[in-house]
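Q: Here it is, the structure in full.
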Amino acid sequence: MKLTILALTVVAATLTLAGCSYQPARIDPEPIIEIGDGEHHGGHGGGGFCPPGQAKKGRC
């Protein structure tokens, strides 16, 4: 009787875990620290102006 209960428990656990899926963490290939990202390129002189497209990309 105990063997039957154990077998049913193992089967139930196996079926429960079979529905689970594993997705590894996604690693962003961009560097965490950017050195010399060139704030003064483009001839703007670094006067605080940032084009909308560059601001959305986080480059200002």
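The values are calculated or read from the model by the stated rules, or taken from the named source; none is laboratory data. These numbers were taken from a predicted model, which means no experiment stands behind them. Please note: Cβ atoms are built from the backbone with ideal geometry, for glycine as well, and neighbour counts cover all protein chains shown.
Q: Which residue pairs have Cβ atoms under 6 Å apart, sit 6 or more places apart or on different chains, and have a first residue in the stretch 43-60 that is closer than 17 Å to GLU30 by Cβ and a second that is hydrophobic (A, V, I, L, M, F, W, C) and at pLDDT below 80?
A: GLN54/CYS60
Q: If you scan the stretch 1-32, which residues turn out to be among the aliphatic types (A, V, I, L, M) and either within 30 Å of GLY58 (Cα to Cα) or in contact with a strand residue (DSSP E or B) (Cβ under 9 Å, 6 or more places away or on another chain) (or both)?
A: ALA25, ILE27, ILE32
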